[in-house]
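The values are calculated or read from the model by the stated rules, or taken from the named source; none is laboratory data. Keep in mind the model is a prediction, meaning the values are calculated, not measured. Don't worry about glycine lacking a Cβ; one is built from the backbone with ideal geometry, like all the others, and counts go over all protein chains shown.
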Amino acid sequence: MSKKIQYAEFTLVTFLITHNLPFLLMDVLSALLAECCPDSEEVKRLQIARTKATNITKEIASKTTSELVSTLKNCKFSIIIDETMDISIKKYLVMVVRYVMNFIAKDRFLALIELPKCDSASVFGAAKKFLLDNNIRLKNIIGMATDGASVMAGHLSGVKALLESETNIFYLKCTCHTLHLCVSYATKKIPEDVNWLCRNIYSFFSHSSKAVHDFKEFQETC
């Protein structure tokens, strides 16, 4: 296989990854390109479908993760962790790291780890095992950011507390979650009739195209 064809296949795969497109597209993409570019011999020789694209992606991920792990072994970094669920209702831990290289802060995806449970001990245990299995010292962690849930942010047995027992860190809760809590508490001070009016204005217009049309006419008249 020529380097031009290898580069073309690599570029197509990275395009799908970058734009979060399904690998199912690869089953028809090479044929589509051949039809669009009938004069290109390289395009005619493209032979890539979803299986090959998946394998290329795994190789890219392995290489990228290996390089990132090597970097984290020798620098201080912060971690951003959260739980997520896929379409099969399996629980996963997402790990993102932030570090500085050549005076530039970089955020990089590190790992997606399946969790048996979503309690603080399981989350911390999974993160710790991944780091130690890759010879990354916990002492290299200088900061952590999570949502404000007790599993993550609990002062006694949350992931934050468990990590603080291993190393000194700067901890930051999700600012969006914190702001949401502030707004929720603030709305409790609004008079009940005003609160009712604000909520029902949205409900009134969101379920009636006629109401939206009448409101638009009212605005134009005024």
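One table, with the values for the structure above:
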| quantity | calculated |
| --- | --- |
| Filtered residues of the stretch 1-21 (kept if touching a residue at least 12 places away in the same chain (Cβ under 8 Å), over 13 Å from Glu42 (Cα atoms) and hydrophobic (A, V, I, L, M, F, W, C)) | Phe10, Leu12, Val13, Leu16, Ile17 |
| Residues (touching a residue at least 24 places away in the same chain (Cβ under 8 Å) and farther than 30 Å from Asn168 by Cα) located in the stretch 39-82 | Glu42, Val43, Arg45, Leu46, Ile48, Arg50, Lys52, Ala53, Thr54, Ile56, Thr57, Ile60 |
| Residue match in the stretch 70-86 (condition: under 17 Å from the mean Cα position of the chain (by Cα), farther than 30 Å from Thr167 by Cα and in a loop (DSSP other than H, G, I, E, B)) | yes |
| Gly125 closer than 22 Å to Leu181 by Cβ, surrounded by 13 or more Cβ atoms within 10 Å (Cβ to Cβ) and either of a type outside the set (Gly, Ala, Ser) or at pLDDT below 95 (or both) | no |
| From Leu16, Leu68, residue being surrounded by 15 or more Cβ atoms within 10 Å (Cβ to Cβ), closer than 23 Å to Asp107 by Cα and touching a Lys or Arg at 6+ places or on another chain (Cβ under 7 Å) | Leu68 |
| So Lys216, is it loosely packed, with under 10 Cβ neighbours inside 10 Å and either free of Cβ contacts under 8 Å to residues at least 12 places away in the same chain or over 30 Å from Gly158 (Cα atoms) (or both) | no |
